[in-house]
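Asks: Have a look at this one.
Every number here is computed from the coordinates shown, using simple stated rules; none is lab data. Owing to the predicted nature of the structure, the values given are computational and were not obtained by experimental measurement. Note that we place each Cβ from the backbone using ideal geometry, even for glycine, and neighbour counts take in every protein chain shown.
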Amino acid sequence: MELTKYTHACVRLARDGGVLVIDPGLWAEPEALAGADAVLLTHEHADHADLARLRALDVPVFAPAGADLDGLPVTSVRTGEEFTAAGFRIRAVGGEHATAYGDRPRCANLGYVVDDRVYHPGDSFSRPEQSVETLLLPLGGPWWHLDAAIDFARNVKAERTIPIHDGMYQERALPTFDGWLHEYTDVGYVRVRPGDTV
């Protein structure tokens, strides 16, 4: 499986001719969706779901049941559901977006475990039930806390941890967060630049 990171929370997975894209939001490069066979959306926020680009595609889009996607045709997914998309086996994890402030309403948010190997949690720290090889670790946002991110990475214990959801930071800020994750975790933390493939 090849994993290509794009700006912010978008990743592209390719294997055996199938291409699966997760969270192609407004900041993601257009090439992230080139040749996509299916798209997974963790939730409805624009930094994860560029509705204009998704409407122009003719591929299946999977999203949490109840997500407000302004009429975009999707296949609704619920927590615990298992399905296949672009030839990949998917398991839906979690259920709600992390709390940003007080009692502000939270939207539906699903994390996706792909082929029991890669986990994209969207905007949450919901843990998968099984171990995974690669954790895509959120690294910023109004709902995010460094201590929670460190604990999440430690608890998931993936062989490799790649930061995502980092588009809100200037490039010069990223080494600070990388330093904290290197110092306080032992989870194979590695930064992947937008457009790079591992």
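Residue-by-condition table, conditions (1) of a type in the set (Gly, Ala, Ser); (2) in contact with a Ser or Thr (Cβ under 8 Å, 6 or more places away or on another chain); (3) more than 21 Å from Pro194 (Cβ to Cβ):
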position: Ala49; (1), (2), (3): yes, no, no
position: Val61; (1), (2), (3): no, yes, yes
position: Arg78; (1), (2), (3): no, no, yes
position: Glu82; (1), (2), (3): no, no, yes
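Asks: Let me ask something else. In the range 37-60, how many are surrounded by 21 or more Cβ atoms within 10 Å (Cβ to Cβ), small (Gly, Ala, Ser) and in a loop (DSSP other than H, G, I, E, B)?
Replies: Count: 1.
Asks: Moving on to the next point. Working only within the range 14-36, note down all residues that are surrounded by fewer than 24 Cβ atoms within 10 Å (Cβ to Cβ), in contact with a strand residue (DSSP E or B) (Cβ under 6 Å, 6 or more places away or on another chain) and in a strand (DSSP E or B).
Replies: Answer for the range 14-36, where residues must be surrounded by fewer than 24 Cβ atoms within 10 Å (Cβ to Cβ), in contact with a strand residue (DSSP E or B) (Cβ under 6 Å, 6 or more places away or on another chain) and in a strand (DSSP E or B): just Ala14.
Asks: To continue, here is another question. Would you point out which residue out of Glu31, Glu81 is more than 17 Å from Arg12 (Cβ to Cβ), among the acidic types (Asp, Glu) and out of contact with any Cys (no Cβ under 7 Å at 6 or more places or on another chain)? Steps first, please.
Replies: Details: Glu31 fails: more than 17 Å from Arg12 (Cβ to Cβ).
None of the other options fit; the residue is Glu81.
Asks: Could you grab me the full set of residues in the range 81-117 that are basic (Lys, Arg) and either touching a residue at least 24 places away in the same chain (Cβ under 8 Å) or surrounded by fewer than 16 Cβ atoms within 10 Å (Cβ to Cβ) (or both)? Quick ask: steps written out before the conclusion?
Replies: Here is the first cut: in the range 81-117, the residues basic (Lys, Arg) are 89, 91, 104, 106, 117.
Within the range 81-117, Arg89, Arg91, Arg104, Arg117 qualify.
Asks: Give the residues of the range 14-43 that are under 16 Å from Ala92 (Cβ atoms) and out of contact with any His (no Cβ under 9 Å at 6 or more places or on another chain), sorted by residue number. Give the steps one after another, and end with the answer.
Replies: Let us first name the residues in the range 14-43 that are under 16 Å from Ala92 (Cβ atoms), namely 20, 22-23, 38-43.
Those that are under 16 Å from Ala92 (Cβ atoms) and out of contact with any His (no Cβ under 9 Å at 6 or more places or on another chain): Leu20, Ala38, Val39.
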